[in-house]
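Student: I have a structure I would like to understand better, so I am pasting it below and will then ask my questions one at a time.
The values are calculated or read from the model by the stated rules, or taken from the named source; none is laboratory data. Just so it is clear, the model here is predicted, and its values are computed rather than measured. Cβ: placed from backbone, ideal geometry, glycine included. Neighbour counts: every protein chain shown. Heavy atoms of the whole protein, side chains included, go into the accessibility calculation; ligands, DNA and RNA do not. Shrake-Rupley method; radii C 1.70, N 1.55, O 1.52, S 1.80 Å.
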Amino acid sequence: MRAALVMIFSGIGYLLKFIGGFVSVGMFFYGIYTLFFKSIAVGLMLIGGAVVGGWIVQIISGIFIAIGAGAATIGIKDEE
């Protein structure tokens, strides 16, 4: 059961980091496009949202990975 928890939480964390990274980078470059060709204010808001959203995704995915690592260390302590 603990191995399944490790895989589930670590997998969710890494998938969130991977998908969130792509979304954040895409939003950042769309913000640059918007900044130069449409509206300066909207472009700056998109760039700022991409940066802050990237931080939030990194923190949440790190929490999931840490939960998975915590379940792994509990399993090791119980086996001893």
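Student: I'd like to verify a number: residues in the range 23-37 that are β-branched (V, I, T) and crowded, with 16+ Cβ neighbours inside 10 Å, how many?
Tutor: Matching residues across the range 23-37 total 1.
Student: Take G53 and decide whether it is under 30 Å from A72 (Cβ atoms) and modelled with pLDDT of 90 or more.
Tutor: So G53 passes the test.
Student: So, in the range 1-52, exactly how many residues are closer than 24 Å to A69 by Cα, of a type outside the set (K, R) and assigned to a helix (DSSP H, G or I)?
Tutor: Qualifying residue count for the region: 18.
Student: If you go through the range 13-22 one residue at a time, do you hit one that is among the hydrophobic types (A, V, I, L, M, F, W, C) and open to solvent by less than 40 Å² (accessible area, probe 1.4 Å)?
Tutor: no
Student: Taking the range 35-57 as the region of interest, how many residues are touching a helix residue (DSSP H, G or I) at 6+ places or on another chain (Cβ under 6 Å), of a type in the set (G, A, S) and within 12 Å of V23 (Cα to Cα)?
Tutor: 3
Student: Of I59, I63, which residue is free of Cβ contacts under 8 Å to residues at least 12 places away in the same chain and open to solvent by 30 Å² or more (accessible area, probe 1.4 Å)?
Tutor: Of the residues listed, the single one that is free of Cβ contacts under 8 Å to residues at least 12 places away in the same chain and open to solvent by 30 Å² or more (accessible area, probe 1.4 Å) is I59.
Student: Looking at (1) open to solvent by less than 90 Å² (accessible area, probe 1.4 Å); (2) in contact (Cβ under 8 Å) with a residue 60 or more places away in the chain, which one does M7 not meet, given that it meets all the others?
Tutor: Here M7 clears every test but (1).
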